[in-house]
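Student: The structure that follows is given in the form of structure tokens.
The values are calculated or read from the model by the stated rules, or taken from the named source; none is laboratory data. In this text, all values refer to a predicted model and were calculated from it rather than measured experimentally. Cβ placement follows ideal geometry from the backbone for every residue including glycine, while neighbour counts extend to all protein chains displayed.
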Amino acid sequence: MLVGREQERRTLRSLVAGARVGQSAVLVLTGEAGIGKTELLHDAVTAGEGMPVLRTTGTESESEVPFGGLLQLLRPALRYLDRIPAPQAAALSTALALRPGPGHDRFAVGAATLSLLSRFAEDRPVLVLVDDAHLLDLPSAQALVFAARRLTADPVVLVAAVREGRSSPLTNADLPVLRLGGLSLDASRDLIAATGRRPGPAALARLHEVTGGNPLALVELADDVDRLDPALFGAPVPVPSSVARAFGRRADLLSGPAALAVLVAAAADGALDVVARACHLLDVDVDVLAEAEQYGLLELAADRIVFRHPLVRSAVWSTTAPGVRRDVHRAVAAALPEPDADRRAWHLGQAALGPDEDVARSLDDAAERARQRSAHAVAAAASERAAQLSPATDGRLQRLVAAGESWARAGLPDRALPLLSRAAQLGPPAALSARITALRGRLAARTGSVEQARDLLLKAGTDTAARDPDEAVMLLGEAILACLFLGDTATALEAAGTIEGVVSRTSGEPARLVAALAEGVAGVLAGRGGPEGIRRAVAQVPADELVAADPRLAPWLVLGPLFLRESATGRDLLTTVVEGLRRRTVVGALPLLLFHLGRDQATTDRWGDAELTYTEGVDLAREAGQTADLAACLAGLAWLEARQGRESACRRHAEEVIALCRPRHIGLFEGWALFALGELELGLGRPEAALAHLDRLAALLAELGIVDVDLSPAPEVVDALVRLGREEQARSVAGRYSARAEEKGQPWALARAGRAVALISPDADLDERFGLALELHARTPDVFERARTQLAYGSRLRRAHRRVDARPPLRQALEALEALGAVPWADQAAVELRATGETVRRRDASALEQLTPQELQVARMLAEGRTTREAAAALFLSPKTVEYHLRHVYVKLGIGSRTELAGSMAERPAGES
Ligand SMILES: Nc1ncnc2c1ncn2[C@@H]1O[C@H](COP(=O)(O)OP(=O)(O)OP(=O)(O)O)[C@@H](O)[C@H]1O
Ligand SMILES: [Mg+2]
């Protein structure tokens with residue numbers, strides 16, 4: 001019988017009511033042991049009467065079984081497996097060991113979990129209950145978090161209980177939390193009365209005070225209230241431990257065999273047949289458990305032993321001598337049925353006193369099975385334990401590194417790094433040492449110091465060159481990517497040099513492609529040749545699955561074309577690569593690619609797309625804890641916002657970028673943030689403030705030795721100087737910049753140089769100078785840059801008293817800038833155009849601009865002809881959530897059908913998704 005908890009029960013009822021009208025709800029219950037979390041989950045079932053329930057409970061014994069918790073939860077829904085997107089279904093089937101298959105990105109299982117829940121809930125609302133979530137195996141918990149964060153419009157209520165003070169991915173995910181406190185005095189009285197006891201008011205008050213209204217403590221300590229340790233009053237002894245002590249006192253009364261049987265039951269998590277077999281091995285008759293039942297420590301059900309409370313298990317377990325615990329583990333290991341190899345390995349691991357190669361091997365096998373199912377956290381724990389048990393240094397080293405690699409794949413670098421350090425201290429042989437260095441470098445690149453990443457990757461690549469040239473090229477390529485972020489040209493060239501020496505010995509196509517592209521990029525970065533090599537390499541890329549199938553290649557396939565900034569060369573690749581990764585749910589690789597894709601869109605006429613792309617990249621990078629990628633996507637966003645004149649968003653994002661970049665030495669994006677701030681001021685007509693940022697940027701670039709003209713703010717500096725009347729200085733900046741653009745020889749930089757030079761040329765040369773610049777612009781896809789030149793041209797013509805001639809370029813500029821959404825620049829163009837005597841009608845803000853990024857993204861995907869399900873799969877959302885956003889889109893745009901939607905979206909240039 002449930003007493004009290006009126007407020008909490010109301011909350012649950014309202015969540016259930018919401019689900020019945022298609023609103024998802026997620027709630028994490030926390031509170032100390034015995035406070036009533038499980039009880040409240042039972043109440044949720046009552047509240048959701050008639051709703052199908054999916055449930056799972058974390059248990060200590062299964063916390064090392066790969067996806068054990070998820071399998072239990074999703075079992076009733078598995079019949080829908082073939083109705084979710086095929087790559088997701090494949091990932092989930094492998095994870096749950098339903099089908100063999102290759103490993104997957106750790107987020108793919110999460111995406112599949114969401115799809116399956118959504119599909120299961122398609123016909124009627126569903127209750128999802130997770131008890132003791134802190135004991136779930138980590139891969140299951142991570143998958144649930146991924147799904148929980150995306151539940152929006154599916155009729156699903158997910159309630160998870162987590163014991164306070166225990167860690168779980170569910171409590172670190174910004175999900176709504178309900179913390180349970182103690183029962184009121186009245187409710188406590190009812191609770192005790194229900195057990196047939198009637199304490200007087202004073203005794204009750206004392207009991208309530210001592211227990212803080214913890215229901216378990218109220219019931220278990222009711223008879224002890226006089227004997228309760230006076231130290232408890234007001235002392236910081238947590239209630240559960242006093243309850244545990246009470247259970248412990250009762251356990252002390254058991255006979256020797258009964259106590260041992262209880263221990264076995266605790267270790268085996270209550271499966272009666274296993275307990276019976278293990279007891280037999282320990283020469284104990286399982287029937288003695290009846291004694292424990294009499295003391296109220298547990299109950300014997302048909303095939304299970306159910307403890308009065310989990311605290312009973314921990315109470316008996318924690319007071320047992322280590323030797324006895326090991327005996328019990330050994331017996332349980334031997335008693336487990338054949339298919340339970342994973343649990344057996346785990347128990348054997350706990351049973352081992354010292355190094356034991358056989359046991360370590362069985363843990364290796366368990367780790368390998370987990371790895372194949374992408375249960376990386378489980379694999380890591382098994383390898384880690386195997387390492388502890390390894391008698392020989394060699395085996396220990398291999399296992400430490402394997403554990404480190406698995407923790408890294410599980411997205412938990414903090415658990416990987418100490419193991420790698422320990423391995424490094426053991427004096428690993430060269431090959432293993434390089435593997436350690438490589439992994440450290442890769443971790444640093446994603447989540448730590450990019451500077452460290454560069455050094456480690458360079459070293460790993462160099463050390464690997466003789467043994468494995470293909471891998472060496474990949475590592476050196478990654479070192480160059482780090483250099484790109486750092487703005488470190490010298491090291492990039494050094495790495496490119498090493499690649500050059502190795503490439504002839506590589507055997508794979510991917511390595512050769514990376515070599516060509518990486519060398520090209522390093523060259524461009526250092527202002528030495530480059531474009532030709534990139535162009536050749538890009539031309540060789542087969543436009544197919546090889547490409548989309550290799551996440552290692554992806555950044556290069558995207559970067560190469562970007563570095564060229566030409567309209568025609570390889571830009572379709574970007575979309576192919578990103579689409580491929582989406583299809584295969586390679587979420588971890590996406591943020592970096594989305595960043596590059598966003599950059600491509602932001603330097604064409606697709607600013608709306610760029611904003612979506614950057615925003616998605618920011619969200620995914622945050623979720624995956626990938627700080628360098630986060631800085632990149634945020635920097636792109638800030639720059640875009642600067643051009644859109646969204647002042648506060650731009651400043652906020654630029655600030656966050658700088659805060660992320662400084663400690664990690666990510667010079668490139670600190671530079672972007674400064675560039676963004678400079679352009680923001682320039683757009684808002686504050687050249688002085690703009691110069692301050694741009695000067696800082698120039699100093700930063702000089703300090704880093706970045707000479708790539710594409711990163712130089714010189715044309716903006718010239719613009720600002722001209723506005724301030726500092727012509728002389730502007731001339732010298734323009735002159736130097738133009739010489740460097742000539743060296744690179746790419747149209748984008750040449751066009752910008754052309755504008756800078758034209759801005760300071762005499763009136764008589766305006767047509768020729770601007771004409772040249774505009775011809776160059778025509779060879780690049782960057783509409784904004786072209787419009788800026790048209791604006792500058794028109795403004796100069798007007799000042800040269802050629803008002804009629806000024807109108808066409810100003811009109812073109814205004815039209816392009818308005819279409820882009822470059823508000824402050826469009827304003828400037830309008831002002832100039834009016835000053836020529838023309839009446840200017842400004843375009844109304846498009847209704848599309850009222851859509852949130854996610855609504856816009858959904859609208860874009862559907863307008864391009866995708867079905868709801870296809871859009872959902874690509875965005876890692878459920879179809880219901882896609883429809884939910886679509887309804888908002890309809891309302892905001894005042895339309896009612898997909899045909900109309902396609903029409904509305906066509907107002908803006910179509911793009912990738
Ligand atoms: N509101 C309540 N009314 C009646 N009994 C309750 C209430 N809350 C809890 N109990 C009882 O108290 C005991 C402990 O509650 P419960 O098992 O739900 O705690 P818990 O928070 O799940 O603890 P743990 O963290 O150990 O899982 C149970 O026997 C339960 O039936
Ligand atoms: Mg509980």
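Student: Output the residues belonging to segment 720-752 that are of a type in the set (Asp, Glu) and either in contact with a Lys or Arg (Cβ under 8 Å, 6 or more places away or on another chain) or over 28 Å from Leu684 (Cβ atoms) (or both).
Tutor: Narrowing segment 720-752 to residues of a type in the set (Asp, Glu): 727-728, 742-743.
Answer for segment 720-752, where residues must be of a type in the set (Asp, Glu) and either in contact with a Lys or Arg (Cβ under 8 Å, 6 or more places away or on another chain) or over 28 Å from Leu684 (Cβ atoms) (or both): Glu742, Glu743.
Student: Being surrounded by fewer than 20 Cβ atoms within 10 Å (Cβ to Cβ), hydrophobic (A, V, I, L, M, F, W, C), in contact with a Leu (Cβ under 8 Å, 6 or more places away or on another chain) and at pLDDT 95 or above, is that true of even one residue in segment 31-53?
Tutor: yes
Student: Please find, among Arg5, Arg83, Arg9, Arg79, the residue that is among the basic types (Lys, Arg) and within 16 Å of ligand 2 (Cβ to nearest atom).
Tutor: Values: Arg83 fails: within 16 Å of ligand 2 (Cβ to nearest atom); Arg9 fails: within 16 Å of ligand 2 (Cβ to nearest atom); Arg79 fails: within 16 Å of ligand 2 (Cβ to nearest atom).
Only one candidate passes the filter, namely Arg5.
Student: To continue, here is another question. Just checking, how many residues over segment 308-367 are away from ligand 1 (no atom under 16 Å from the Cβ), over 18 Å from Val275 (Cβ atoms), among the hydrophobic types (A, V, I, L, M, F, W, C) and assigned to a helix (DSSP H, G or I)? Please lay out each step first, then the result.
Tutor: Kept after step one, since they are away from ligand 1 (no atom under 16 Å from the Cβ), are these residues of segment 308-367: 319-367.
Filter again for over 18 Å from Val275 (Cβ atoms), leaving 319, 321-323, 341-342, 345, 349, 352-367.
Checking the rest, the ones that are also among the hydrophobic types (A, V, I, L, M, F, W, C) come to 321, 341, 345, 352-353, 359-360, 363, 366-367.
Of the ones still in play, those that are also assigned to a helix (DSSP H, G or I) are 341, 345, 359-360, 363, 366-367.
The qualifying residues number 7.
Student: I'm trying to understand the selection: among the residues of segment 158-176, which are more than 11 Å from ligand 2 (Cβ to nearest atom) and either farther than 20 Å from Val53 by Cα or of a type in the set (D, E, K, R) (or both)? Working first, answer last.
Tutor: Step one: of segment 158-176, the residues more than 11 Å from ligand 2 (Cβ to nearest atom) are 158-160, 164-176.
Answer for segment 158-176, where residues must be more than 11 Å from ligand 2 (Cβ to nearest atom) and either farther than 20 Å from Val53 by Cα or of a type in the set (D, E, K, R) (or both): Glu164, Gly165, Arg166, Ser167, Ser168, Pro169, Thr171, Asn172, Ala173, Asp174, Leu175, Pro176.
Student: Looking only at segment 291-307, count how many residues are among the aliphatic types (A, V, I, L, M) and within 16 Å of ligand 1 (Cβ to nearest atom).
Tutor: So in segment 291-307, the residues among the aliphatic types (A, V, I, L, M) come out as 292, 297-298, 300-302, 305-306.
Pick out the ones that are also within 16 Å of ligand 1 (Cβ to nearest atom) and you get 297-298, 301, 306.
Within segment 291-307, residues that are among the aliphatic types (A, V, I, L, M) and within 16 Å of ligand 1 (Cβ to nearest atom) number 4.
Student: I need every pair where a residue in segment 814-840 that is free of Cβ contacts under 8 Å to residues at least 40 places away in the same chain and surrounded by fewer than 18 Cβ atoms within 10 Å (Cβ to Cβ) has its Cβ under 9 Å from the Cβ of a residue that is hydrophobic (A, V, I, L, M, F, W, C) and outside any helix (DSSP H, G or I), sequence separation at least 6 or different chains.
Tutor: Taking only residues 6 or more apart or on different chains, the pairs are Val831/Val840; Arg834/Val840.
Student: Now, a different point. Which of (1) closer than 30 Å to Asp190 by Cα; (2) modelled with pLDDT of 95 or more; (3) away from ligand 2 (no atom under 16 Å from the Cβ) does Leu73 not meet, given it meets every other one?
Tutor: The single condition Leu73 does not satisfy is (1).
Student: Only helices (runs of 4 or more DSSP H) wholly contained in segment 624-732 count here; list those with 2 or more residues that are within 25 Å of Leu593 (Cβ to Cβ) and of a type in the set (Gly, Ala, Ser).
Tutor: In segment 624-732, the matching helices (runs of 4 or more DSSP H) lie at 627-644, 647-664, 667-683.
Student: Hey, another quick one. If you go through segment 46-66 one residue at a time, how many are in contact with a strand residue (DSSP E or B) (Cβ under 6 Å, 6 or more places away or on another chain) and either part of a strand (DSSP E or B) or within 14 Å of ligand 1 (Cβ to nearest atom) (or both)? First the steps, then the outcome.
Tutor: Residues of segment 46-66 that are in contact with a strand residue (DSSP E or B) (Cβ under 6 Å, 6 or more places away or on another chain), as a first pass: 48, 51-57.
Checking the rest, the ones that are also either part of a strand (DSSP E or B) or within 14 Å of ligand 1 (Cβ to nearest atom) (or both) come to 53-57.
Residues in segment 46-66 being in contact with a strand residue (DSSP E or B) (Cβ under 6 Å, 6 or more places away or on another chain) and either part of a strand (DSSP E or B) or within 14 Å of ligand 1 (Cβ to nearest atom) (or both): 5 in total.
Student: Can you tell which of Ala202, Ala217, Ala187 is in a helix (DSSP H, G or I) and at pLDDT 90 or above? Please lay out each step first, then the result.
Tutor: Values: Ala202 fails: at pLDDT 90 or above; Ala217 fails: at pLDDT 90 or above.
That would be Ala187, the only listed residue that is in a helix (DSSP H, G or I) and at pLDDT 90 or above.
Student: Which members of segment 412-443 meet the condition of being free of Cβ contacts under 8 Å to residues at least 24 places away in the same chain and closer than 20 Å to Phe485 by Cα?
Tutor: Selection gives Arg440 alone.
Student: Another question about this same structure. Thr171 passes all but one of (1) closer than 14 Å to Val28 by Cβ; (2) touching an Asp or Glu at 6+ places or on another chain (Cβ under 6 Å); which number fails?
Tutor: Evaluating Thr171 over (1) closer than 14 Å to Val28 by Cβ; (2) touching an Asp or Glu at 6+ places or on another chain (Cβ under 6 Å) leaves (2) as the failure.
Student: Another question, if that's okay. Among the candidates Val288, Val275, which residue alone is among the aliphatic types (A, V, I, L, M), away from ligand 1 (no atom under 16 Å from the Cβ), modelled with pLDDT of 90 or more and out of contact with any Cys (no Cβ under 9 Å at 6 or more places or on another chain)? Steps first, answer last, please.
Tutor: Working: Val288 fails: out of contact with any Cys (no Cβ under 9 Å at 6 or more places or on another chain).
Just one listed residue meets the conditions, Val275.
Student: Follow-up. In segment 23-33, what count of residues is obtained for those that are within 7 Å of ligand 1 (Cβ to nearest atom) and either assigned to a helix (DSSP H, G or I) or touching a Ser or Thr at 6+ places or on another chain (Cβ under 9 Å) (or both)?
Tutor: Counting residues in segment 23-33 that are within 7 Å of ligand 1 (Cβ to nearest atom) and either assigned to a helix (DSSP H, G or I) or touching a Ser or Thr at 6+ places or on another chain (Cβ under 9 Å) (or both) gives 1.
Student: Return yes when Thr94 is within 14 Å of ligand 1 (Cβ to nearest atom), touching a helix residue (DSSP H, G or I) at 6+ places or on another chain (Cβ under 9 Å) and of a type in the set (S, T, N, Q) and no when it is not. Steps first, answer last, please.
Tutor: On the way: within 14 Å of ligand 1 (Cβ to nearest atom): no; touching a helix residue (DSSP H, G or I) at 6+ places or on another chain (Cβ under 9 Å): yes; of a type in the set (S, T, N, Q): yes.
So Thr94 does not fit the description; no.
Student: Anything in segment 14-49 that is over 32 Å from the mean Cα position of the chain (by Cα) and more than 16 Å from ligand 2 (Cβ to nearest atom)? List them, or say none.
Tutor: Thr46, Ala47, Gly48, Glu49
Student: Moving to a separate point now. In the list Glu838, Glu742, Glu775, Glu768, which residue meets the criterion of being in a loop (DSSP other than H, G, I, E, B) and more than 22 Å from Ala610 (Cα to Cα)? Spell out how you get there, then give the answer.
Tutor: Numbers: Glu742 fails: in a loop (DSSP other than H, G, I, E, B); Glu775 fails: in a loop (DSSP other than H, G, I, E, B); Glu768 fails: in a loop (DSSP other than H, G, I, E, B).
Going through Glu838, Glu742, Glu775, Glu768 in turn, the sole match is Glu838.
Student: Of everything in segment 246-276 that's crowded, with 20+ Cβ neighbours inside 10 Å and not small (Gly, Ala, Ser), which residue is farthest from Arg308 (Cα to Cα)?
Tutor: Val274
Student: While we're on this one: Could you please let me know if Ala133 is closer than 30 Å to Glu883 by Cβ, surrounded by 22 or more Cβ atoms within 10 Å (Cβ to Cβ) and within 13 Å of ligand 1 (Cβ to nearest atom)? Let's see the steps before the verdict.
Tutor: Details: closer than 30 Å to Glu883 by Cβ: yes; surrounded by 22 or more Cβ atoms within 10 Å (Cβ to Cβ): yes; within 13 Å of ligand 1 (Cβ to nearest atom): yes.
Criteria met by Ala133.
Student: Then there's this: For a quick check of your reading of the model, give me the residue pairs whose first member lies in segment 318-347 and is in contact (Cβ under 8 Å) with a residue 40 or more places away in the chain, whose second is basic (Lys, Arg), with beta-carbon atoms closer than 7 Å and at least 6 apart or on different chains.
Tutor: Ala335/Arg277; Leu336/Arg343; Leu336/Arg344; Asp342/Arg369
Student: For segment 174-186, indicate whether the set of residues that are surrounded by 16 or more Cβ atoms within 10 Å (Cβ to Cβ) and closer than 27 Å to Thr585 by Cα is non-empty.
Tutor: Within segment 174-186, one or more residues are surrounded by 16 or more Cβ atoms within 10 Å (Cβ to Cβ) and closer than 27 Å to Thr585 by Cα.
Student: If you go through segment 1-22, how many residues are more than 6 Å from ligand 1 (Cβ to nearest atom), modelled with pLDDT of 90 or more and assigned to a loop (DSSP other than H, G, I, E, B)?
Tutor: Result for segment 1-22: 0.
Student: Now for a separate question. Confirm whether Ala539 is assigned to a helix (DSSP H, G or I), touching a Ser or Thr at 6+ places or on another chain (Cβ under 9 Å) and at pLDDT 95 or above.
Tutor: Values: assigned to a helix (DSSP H, G or I): yes; touching a Ser or Thr at 6+ places or on another chain (Cβ under 9 Å): yes; at pLDDT 95 or above: no.
No: the conditions fail for Ala539.
Student: Further question: Checking the condition modelled with pLDDT of 90 or more, away from ligand 1 (no atom under 11 Å from the Cβ), in a loop (DSSP other than H, G, I, E, B) and hydrophobic (A, V, I, L, M, F, W, C), which residue from Leu158, Leu175 passes? Full working, then the answer.
Tutor: Details: Leu158 fails: in a loop (DSSP other than H, G, I, E, B).
That would be Leu175, the only listed residue that is modelled with pLDDT of 90 or more, away from ligand 1 (no atom under 11 Å from the Cβ), in a loop (DSSP other than H, G, I, E, B) and hydrophobic (A, V, I, L, M, F, W, C).
Student: While we're looking at this one, here's another question. Spot the failing condition for Leu71; the list is (1) outside any strand (DSSP E or B); (2) over 30 Å from Arg330 (Cβ atoms); (3) more than 13 Å from ligand 1 (Cβ to nearest atom), and only one is missed.
Tutor: All conditions pass for Leu71, except number (2).
Student: What number goes with the only condition from (1) away from ligand 2 (no atom under 16 Å from the Cβ); (2) in a helix (DSSP H, G or I); (3) in contact with a strand residue (DSSP E or B) (Cβ under 6 Å, 6 or more places away or on another chain) that Leu114 does not pass?
Tutor: For Leu114, the failing item is (3).
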